[in-house]
Amino acid sequence: MQFLVCSLPRSRSFWLSRFLSYRDWHCGHDEIRRFRTMADVRSWLSQPCTGSAETAAAPFWRMASGMRIVTIRRPVTEVIASLARFGFDPLMTRPLLVRLNRKLDQIEHRVPGVLSVPFADLTSEETCARVFEFCLPYRHDHDWWRVHAEANLQVSLLAQARYAEANLPQIQKMAKIAKHEMLQGLRGEIERPDGVTIQEEPYDVVWRDAKALFAQHCVDIGESPDYHLGLNSNLYDTLADAGAWQIITARANGRMFGYVSAIIGPSLKGTDLPTATQLGMFVSPDARGMNLPIRMQRRAIEQYVKRGVRDVIFRSGANGAGPAMGAVYRRVGAKPIGEYYEMEIAA
């Protein structure tokens, strides 16, 4: 079983990462800052003989299910003062540290078997021995402790700050994804619906009711759950006002389980041949076994025919379940006509 040490900064977390790296076991330090996807998290959690001492992981404690957890408690005022000596503005650090400290409280109240240790007691061999034997499957090693007790081990705060600043967009995106995943895990078991209705719905209704699906769709393709909020909403609204959107949804007991969207517009092949360009399809993981991709796709085609569409462009994306969509398109009668390529040009 792995272990996790959670603390505020300036709480001997780096020292503990070295002290708890013993024999076959390795203890990392602030590994969370390197994660970019949930696959990174799962890969890290799959490693045997692994632990980590983290100063920013407390808000994500629900992902540490089954791990041994230690909290190191240092008063927030002391941490602020320590960071100020390195040039960090107390007005900037205080709100963040207060929130992190509350998360440490939450861990201690909600996770069974947490070992809570006062920061000041880490100067004691007895306390360090408790932490050592709690995290590792070994008896305390006095010689190992003595070597580390005499060492002044500190991470470079300035280097960490530079890293965080340079990677801030990726770190913030990963934090949003992790929060989304944790909230998904709190939903509990979803009751299977009795029946599913496949239908066309107006753009504004879908935008209102599909927020949870949009968020999960974004996460599945490697974006943050609020990525869709940054899209060109003005253009989306303009297309909706022009009646250019066609959105097919799958609902059961009022809840939306999936959607497939397309833009219908003029064709370069002729003035009387409108073209449907299919943009996105998503099906909730809760709808497994309901065959919604095929069912929604067939209903979409029925609606295309009613609107006079004779030419449909399908896209099999490169992210999420996109590569598998080709099989769905072939099943409804579509044929591959080439590949899409995208190039992003720097300004």
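Subtracting the Cα-Cα distance of residue 164 and residue 347 from their residue separation scaled by 0.36 nm leaves 63.4 nm. Springs between Cα atoms under 10 Å define the GNM used for the chain, and in it the highest mean-square fluctuation of 241, 226, 311 occurs at 241. Summed over all non-identical Cα pairs, the Kirkwood treatment of the stretch 239-283 gives a radius of 11.8 Å.
Rank these for me by crowding, 341, 138, 329, going from fewest to most other beta carbons within 10 Å.
On the way: 341 5, 138 13, 329 19.
Ranking 341, 138, 329 by Cβ neighbours within 10 Å, fewest first, gives 341, 138, 329.
Helical content alone sets the calculated 222 nm signal of the chain at -12000 deg cm²/dmol, taking -39,500 (n - 2.57) per DSSP H segment of four or more residues and averaging over every residue. The spacing between the stretch 1-59 and the stretch 301-339, judged by their C-alpha centroids, is 44 Å. Per-residue packing, averaged as other Cβ atoms within 10 Å, sorts the ranges 101-107, 38-44, 214-220, 25-31 into the order 214-220, 25-31, 101-107, 38-44, beginning with the highest. Using Cα atoms only, what is the angle between the long axis of helix 125-135 and the major principal axis of the chain, expressed in degrees (0 to 90) to the nearest 10? Between the helix axis and the principal axis of the chain, the angle is about 30 degrees.
Place a +1 charge on the Cβ of each Lys and Arg in the stretch 3-185 and a -1 charge on the Cβ of each Asp and Glu, then give the dipole magnitude about the Cα centre in debye, rounded to the nearest 20. Walk me through the intermediate numbers first.
Details: 25 positive and 18 negative charges, 138 e Å.
Its charge dipole is roughly 660 debye.
The charge dipole of the stretch 111-264, taken about its Cα centre with unit charges on the Cβ of Lys, Arg, Asp and Glu (plus for the first two, minus for the last two), comes to roughly 80 debye.
Rounded, prolate or oblate: which one fits the stretch 225-347, using the alpha carbon gyration tensor with axes a ≥ b ≥ c (rounded when a/c is under 1.5, else prolate when a/b beats b/c, else oblate)? Could the numbers behind the result be given before it?
Values: a/c = 1.25, a/b = 1.13, b/c = 1.11.
Note, shape of the stretch 225-347 comes out rounded.
As an exercise, use a Förster radius of 45 Å and the Cβ-Cβ distance of residue 152 and residue 231 to find the FRET efficiency, rounded to the nearest 0.05.
Numbers: r = 50 Å, r/R0 = 1.12.
The computed FRET efficiency comes out at 0.35.
For the chain, with a Gaussian network of springs between Cα atoms less than 10 Å apart, report the residue from 223, 181, 126 with the top mean-square fluctuation. Per the Cα network of the chain with a 10 Å cutoff, 126 tops the list. In this simple spin-label approximation, residue 307 and residue 273 carry label points 7 Å from Cα along the Cα→Cβ vector, and these lie 1.8 nm apart. Within the chain, antiparallel bridges make up roughly 50 percent of the DSSP beta bridges whose residues both belong there.
FYI, it's all coordinate maths here, none of it is from the lab. Only a predicted model underlies this, so the values are computations on that prediction, with no experimental measurement involved. Using ideal geometry, Cβ is built from the backbone for each residue, glycine included, and neighbour counts are taken over all protein chains shown.
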